[in-house]
Amino acid sequence: MKNRADIAVAGLAVMGENLVLNMESKGFTVAVYNRTNARTEAFAGGRGKGRNILPASTVEELCDSLERPRRIMLMVKAGPPVDELIGKLLPHLEPGDIIIDGGNSFFKDTMRRAAELQKKEILFVGAGVSGGEEGALHGPSLMPGGDIRAWEHIRDIFRAISAKAPDGTPCCDWVGPDGSGHFVKMLHNGIEYSDMQMISEAWELLRRLCRFTPETLAALFENWNRGELESYLIEITSEILRRKDPETGAYVLDLILDSAGQKGTGKWTAECALDLGMPAATIAEAVFARCLSALREERLRAAEILPGPPVPKAQDETAFAESVRQALYAAKICAYAQGFQLLRAASQEFNWNLNYGDIALMWRGGCIIRAKFLDDIKRAFSADGNLANLMLDPFFAGALAKAQESLRKVVAAAAMSGIAVPAFSSALAYYDASRSKRLPANLIQAMRDCFGAHTYERIDRPRGEFFHTDWTGSGNVSATSTNYNR
């Protein structure tokens, strides 16, 4: 065993432990530290026993055990724990050493930390890590961003431990400056929310309108996974639908309470979309759907009071199932278009100069939204690096032209049957609003000007000129001194 480690991991919860084992399996010596030393000792004497792992009982010992420049990856809970650990490490570090935050930190916290550590000549990296516990052990998608000078020192380790796409390409590349890596991971999770919600809505429609059995549904999703919807989430949906509880013999899915949890990254994505003025409505609806699911007691009361229509059986189950498949594909395109639109806005806002096609490639393996679909996104941005909206790419425009009728049929059938499909409905609204030459926003502007003198622009005058109308006839022609774009 080497006397000094190639890299350190601080934080030995399951994700941290699995990353350590992944690194060690690729030939690297890893120093490990945990706030509670008992956990370090348990890991070193258990899963880490006999491996090239150097346990440290203090941060000073951890730093002393590393090759220069020191590379320390933090795998601790986002928020104050990250700042606290950085504070403990700093007295034992030298200029040029590297701190990597591999947790789900909010990207603006990463931007702040990067700026603070740059003053101390410490290279800071915010690395998105996706794939869960299994991904950490066998190969996650890694999205590092921050001080570019750190990349040459961590590149070989990160690419060695990352997942590999079907063509063998590592699902890891440098994203961009300061908080860009954590922003991309946050966006990944926001898209993941919409993906999961849309798949759940498809399942609900097929279950209730087609009356399909769990086995039939499992076979259907398995078949969908052989086509354009091929993805990790479709694959595991098929497996979930088949699983039975060994104790009761019931399908496990039927025993699970319909109250979905969340850790906050979907909410952050929706909040960032609002901050940047981007219409990521399908992602936001997926977040709100989880919020509504959590209000289970209120829903149970409302179910006894609020009326709804009867739920009819689909006349042609096979045809309706195909419509649901196409609707899911169309809605997925719309959700990803919103995600990449938000990514583009953030890149412009924070001067990150992101490569959207390369980001899609990083998501082809290891991460939760890995899918065949991402190859098509890469091709779209390779063909046009300035593509304003994914829906305008010829391939995706053609796919939507074929599938949008099915999305309409499915949303209409859900509405007439009283089945909530917020993600499908939102995706369709986004599609229709995006292709509208004229929206009713002119009436909104007129109302804003009428009650608040907020002014408006005119279609027969150059953009940037603002006007006010005396709507009440009082002769008051004053307008607000500031144009409110809200």
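Values in this text are rule-based calculations from the coordinates and carry no lab data. All figures in this text were calculated on a predicted structure; none of them were measured in a lab. Methodologically, a virtual Cβ is constructed for each residue, glycine included, from the backbone with ideal geometry; neighbour enumeration extends over all protein chains shown.
Based on DSSP, what percent of beta bridges with both residues in the chain are antiparallel, to the nearest 5?
Details: 10 of 30 bridges.
Expressed as a percentage, antiparallel bridges in the chain total about 35.
Does segment 235-295 come out rounded, prolate or oblate by the C-alpha gyration tensor, with a ≥ b ≥ c the root eigenvalues, rounded set by a/c under 1.5 and, if not, prolate when a/b is larger than b/c and oblate if not? Before the final figure, lay out the partial values.
Details: a/c = 3.99, a/b = 2.64, b/c = 1.51.
Judged from the Cα gyration tensor, segment 235-295 comes out prolate (a/c at least 1.5, a/b above b/c).
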Problem set entry | Principal axes of segment 7-178: Cα extent on each, largest first, Å | 42, 40, 27
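Dipole size in debye (nearest 20) for segment 57-122 around its Cα centre, Lys and Arg Cβ +1, Asp and Glu Cβ -1? Walk me through the numbers before you get to the answer.
Working: 10 positive and 12 negative charges, 60 e Å.
Using Cβ point charges on Lys, Arg, Asp and Glu, segment 57-122 gives about 280 debye.
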For this session: Grab the DSSP H runs of the chain that are 4 residues or longer, score each as -39,500 (n - 2.57), total them, divide by all residues and round the 222 nm result to the nearest 500 deg cm²/dmol.
Result: -17000 deg cm²/dmol
Exercise. Taking Rh as the Kirkwood radius computed over C-alpha pairs, what is the Stokes-Einstein D of segment 1-97 at 25 °C in a medium of viscosity 0.890 mPa s, expressed in µm² per second?
Worked result: 187
For this session: Among DSSP beta bridges whose residues both lie in segment 45-183, state the antiparallel percentage, nearest 5.
Result: 45
Exercise. So, counting K/R as plus one and D/E as minus one, what does the shell of residues with Cβ under 9 Å around Gln197 add up to?
Worked result: -2
Seminar exercise, completed: The distance between the Cα centres of segment 287-330 and segment 149-167, in whole Å, is 43
Exercise. Taking the Cα atoms of segment 270-422 alone, what are Rg (to one decimal) and Dmax (as a whole number) in Å?
Worked result: 18.4, 54
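How large is the dipole of the chain about the Cα centre if only Lys and Arg carry +1 and Asp and Glu carry -1, each at its Cβ, rounded to the nearest 20 debye?
Working: 56 positive and 60 negative charges, 35 e Å.
The calculation lands at about 160 debye.
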Exercise. Hey, what angle do you get for helix 373-383 against the long axis of the chain, alpha-carbon based, 0 to 90 degrees rounded to 10?
Worked result: 80
Exercise. Rounded, prolate or oblate: which fits segment 106-211 when a ≥ b ≥ c are the square roots of the eigenvalues of the alpha-carbon gyration tensor, with rounded for a/c under 1.5 and prolate only if a/b beats b/c?
Worked result: oblate
Exercise. Among Met143, Met278, Met186, which comes first, second and so on when ranked by fewest other beta-carbon atoms within 10 Å?
Worked result: Met278, Met186, Met143
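Rounded if a/c is under 1.5, else prolate if a/b is larger than b/c, else oblate: which is the chain, with a ≥ b ≥ c the root eigenvalues of its Cα gyration tensor?
Values: a/c = 2.04, a/b = 1.32, b/c = 1.54.
Oblate, since a/c reaches 1.5 and b/c is not below a/b.
Do the alpha carbons of any pairs in Lys119/Lys263; Lys26/Lys267; Lys164/Lys332; Lys313/Lys437; Lys88/Lys164 sit beyond 29 Å of each other, and which pairs? Mind dumping the intermediate values first?
On the way: Lys119/Lys263 32 Å; Lys26/Lys267 36 Å; Lys164/Lys332 24 Å; Lys313/Lys437 38 Å; Lys88/Lys164 35 Å.
Flagged as over cut-off: Lys119/Lys263; Lys26/Lys267; Lys313/Lys437; Lys88/Lys164.
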